[in-house]
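Colleague: Here it is, the structure, as structure tokens.
Taken together, the values in this text are just the output of simple stated rules run on the coordinates, not laboratory data. The structure displayed is predicted, hence computed values, not measured ones. Here Cβ is always computed from backbone atoms with ideal geometry, including for glycine, and neighbour counts include all displayed protein chains.
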Amino acid sequence: MRATVFLGGGRITSALVAGLRLAKYDKPIVVHDRHPAKLQQLKKQYGVTIERNLQRAVQQAELLIIAVRPDSVSDLLQKIGKISRPLSAVSLAAGIPLSNLRARLGPRGRWARAMPSPVCRTGHGLTALTFDRTFSRTARHEVRNLFENVGSVLDVPESQFDAFTVTYSSSHGYHALATLADAAQKLGLDRKTALIAAAHALADGILSWREGKIPLDRLLHEAATPGGIAAAVMNAMDSFGYKRTIQQGLQAGLTRARKNANRA
């Protein structure tokens, strides 16, 4: 049986493999990386097969996952060269479009892009997918099946992929949690209580919206009574540029993602 092969043994590979093991994914998993310590850690934690030779790793692949930094993609694909059999390849590299990847493995390689969240290690991730025109329905099903093991999957047009990338990251939640808890501590809450309160404000409120059928604007109105404390907090945050700051942050991420387009 051919394997799902990850080229790159970093954080996103670790998160995906953890989620796949949690889901009892039944296909062999092979990981290649140039750093032996990363491979040994993945083998120890998740029982993956490690392969230090790049060409042998590619030869074992039914599904090839390119899980290296954007600035390493070009060099990696150059080392692989042209392949002699049909192979589905999925790039996790932010910002690098299918047009840059299409010819890199030769005419027998078919490409998709995926943007999985590190939250996939718990089985509650979110992955955006977009496929090149050469992908058959069967091959698309195989790719979707892989990522559905670790959470929800969205088909996102490639023209929207970079905007999705800068919006969906769990870093937004972690950053907001840390910032809100830090502000609460400055008001006098101890660290533990501040984190509990901030986590409820963010996670439990959003879960209520996600699992219910009440529109977001109605929930906002319900939570922030006009003239009340929550309304005063939100109005002050908006007046100090909260919305503008979020927009500028996303724009900075989008600019960075688009710079990656020239790296492969």
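Colleague: Compute the signed sum of charges (Lys and Arg +1, Asp and Glu -1) over the other residues within less than 14 Å, Cβ to Cβ, of Val166. Walk me through the numbers before you get to the answer.
Modeller: Values: positive: Arg256, Arg258, Lys259; negative: Asp162.
Residues near Val166 contribute +2 overall.
Colleague: Please state, rounded to one decimal and in Å, the Kirkwood hydrodynamic radius that segment 71-148 gives when every pair of distinct Cα atoms enters the mean of 1/r.
Modeller: When all Cα pairs of segment 71-148 are included, the Kirkwood radius is 13.3 Å.
Colleague: If you look at just the Cα atoms of segment 171-260, how large are its Rg and its Dmax in Å?
Modeller: Rg, Dmax (Cα atoms, Å): 15.3, 47.
Colleague: I need the trypsin sites (Lys or Arg not before Pro) found in segment 179-235, filtered to DSSP loop residues with at most 10 other beta carbons within 10 Å of theirs. Spell out each step's value before the answer.
Modeller: Working: sites: Lys186, Arg191, Lys192, Arg210, Lys213, Arg218; in loops: Lys213.
Of the trypsin sites (Lys or Arg not before Pro), the ones in loops of segment 179-235 whose Cβ has at most 10 other Cβ atoms within 10 Å are Lys213.
Colleague: Just from the alpha-carbon atoms, what are the Rg and Dmax of the chain in angstroms?
Modeller: 21.2, 69
Colleague: Looking at segment 94-157, which trypsin sites (Lys or Arg not before Pro) are DSSP coil and have at most 16 other C-beta atoms within 10 Å of their C-beta? Each step should come with its number before you reach the end.
Modeller: Details: sites: Arg102, Arg104, Arg108, Arg110, Arg113, Arg121, Arg133, Arg137, Arg140, Arg144; in loops: Arg102, Arg104, Arg108, Arg133.
Here the sparse-neighbourhood loop sites are Arg102, Arg108, Arg133.
Colleague: Report, in debye and to the nearest 20, how large the dipole of the chain comes out about its Cα centre when Lys and Arg carry +1 and Asp and Glu carry -1 on their Cβ.
Modeller: About 1180 debye.
Colleague: Further, regarding this structure: Quick query: amide H of Val153 versus all other amide H atoms, modeled in the peptide plane; which residues come in under 5 Å with a sequence gap of 5 or more or a different chain?
Modeller: Distant-sequence amide H within range of Val153: Thr127.
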